[in-house]
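Here's the structure we're looking at; comments come further down.
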Amino acid sequence: MGIIKAATSALGGSLADQWLEVIEPDDMSDQTVFTKGVMVRQNDKRGSNRKGTADVITDGSVVHVYENMMMLLVDGGKIIDYSAEPGYYTVKNDTAPSMMNGNLRESVQESFFRFKFGGVTPQKQQVFYINLQEIKGIKFGTATPLQYFDNFYNAELFLRTFGTYSIRITDPLAFYANAIPKNLDRVEIQDINDQYLAEFLTALNTSINQYSAQGERVSFLTSKSMELAKYMADALDEDWTKLRGMEIVSVAIASISYTDDSQKLINMRNQGAMLGDPNVREGYVQGAVARGLEAAGSNTGGAMNAFMGMNMGGQNLAGFSQANQTQMAQAQAAAKTTDTWTCACGTENTGNFCQNCGKPKPAPVGTWKCECGTENTGKFCQNCGKPKPENEATCSACGAVISLKDGTPKFCPECGKAFVAK
C-alpha cells in the first residue's frame, strides 16, 4: 500500500467528484502538533463511499497535503507511507511506499524503516497530519531558584526566570511513534508538555551554568536568547532530537528576578563598587557630613557627641578626603565653642547634664524660669505672661536661679561658691 502523486495544485471542485474519497487535515491552530485527516465530502450525496467501512481508505482515494505539514498513511497503527511535499496524492494498495520527504532531512527515511509496518493488513487505515511549523509561545517558569555563579560579584546567586520558547518537529515519524499518545485524533502542544517542560527546565539550568562558566554577568542573560537556544538544543539532543524528533528553536527570557538574599548581596556589592570611585566617594561623604551637621543640633547627647561619631565613621572610610577632614574639624571646633559648658565641679561637658556629677546644664545668662516651667529672658513669661519674680537671682558661678524670699544667701546652695547675683 502506498501513495501516488496526483496533482501539485488545486484542480477545482470536480476533483472530489472524481475520486471515491478526498481527505484533508482537520483544522489546526498554531499550537496543534497532530491531527487526523477528515473526508472533505463525507456526507455529500455525490460521494460514492457513504456505505464504506469506517477507517478503511478506499483504493484510489485522494489525500491533500499542504505546506508545512507531513501526511502519514497509517495501517493497523503502523506508518506505511508519508509525504511532506504539498500536493494531491492517490492511495494505491498495490504500490510500494513513495516516501516523499519534501524539505525534511533524508534521515527521516531512516526513521521510516524503524517504524514501518511489516505487511499490508488493511484492518484500520487512517491519515494523520503533523505540523512542521515552528510551535511558538510555549511558556515556562522556574518553580525553584537556579544557581548562578557571577564572577562580577564573585558570589553564588540564586535567580528565578520565566519566558517562552518554541520548538520545531524535525523528524515527524519519530515524533509520531514516541511522542504522540495512541488513540488520539488531535494533540495540542500543552497536552503533552508536562514531561517536556520538566526536561526543558533541566536543560535551561545546564545551559545557564555554561554562561556562568564563561564568566558572563547574570544581567546579560536576557540578551542571549539565540545562544541559549543553541546550548539547550545540544543539551536536549539525545532525548528530544534523536528520540522524539523535535528541537528547540528559540528561548525568550522575559524576566530574571533574584531571591531576597541574592538581591541584598547585589545591592551591597554595587554600593561598594560605587564608593570605589573617588569622585562618587567624595560626593557621598560630603552628603553625609551635611546630614550630620543638620542633625547635630537635635542630638540629645550634644553636638560634640554627634560630631565625634561622624569623625569615627569618616576615619574608617577608605579615601576620606583632606577636604572632608578639614570640614569635620571646623564643625567640631564650632560645636566646641558654642555647645560646651563647665560644671561647678570643674568638668567640661557637651550634653544637658554633667558627665561627672550629674548636675543639669545651667540656664544661659540672663534667663529665668517661670512657674509654668518655661525659660525666659524678658520681664514676662513668653508662655503664660506672668512677670519675672523680683525675689529671685541667678548665681554668677553656676547660673542657678536662687530664691531671695528668705534673704540673699552668702553661698550658692547649688554650687557652694560665694553667691554673686547676675
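The values are calculated or read from the model by the stated rules, or taken from the named source; none is laboratory data. None of these values were measured; they are calculated from a predicted model. Counting neighbours? That spans all protein chains shown, and the Cβs are built from the backbone with ideal geometry, glycine included. Each accessible area value is taken on the protein alone, full model and side chains, heavy atoms only, with ligands, DNA and RNA left out. Shrake-Rupley method; radii C 1.70, N 1.55, O 1.52, S 1.80 Å.
Odds and ends about this structure:
- In sequence order, the stretch 80-85 has phi-based couplings of 10, 6, 7, 7, 10, 9 Hz under the Karplus curve 6.51 cos²θ - 1.76 cosθ + 1.60, θ = phi - 60°, and Gly or Pro positions carry x.
- Other residues within the sphere of radius under 13 Å centred on the Cβ of residue 150, judged by their own Cβ, net out at 0 (K and R +1, D and E -1).
- Gyration tensor (alpha-carbon) shape descriptor, the stretch 126-187, a/c threshold 1.5: prolate
- Size of the stretch 170-240 from its Cα atoms: along the principal axes, largest to smallest, the extents are 49, 20, 17 Å.
- Proximal charge balance of residue 263 [Cβ under 12 Å; K/R count +1, D/E count -1]: +1
- The stretch 353-422 shape via C-alpha gyration tensor axes, a/c threshold 1.5: oblate
- Computed from label points 7 Å out along Cα-Cβ, the spacing between residue 184 and residue 59 is 3.5 nm.
- Between the stretch 22-40 and the stretch 203-237, the alpha-carbon centres lie 36 Å apart.
- Rolling a 1.4 Å probe across all protein chains gives residue 67 an accessible area of roughly 130 Å².
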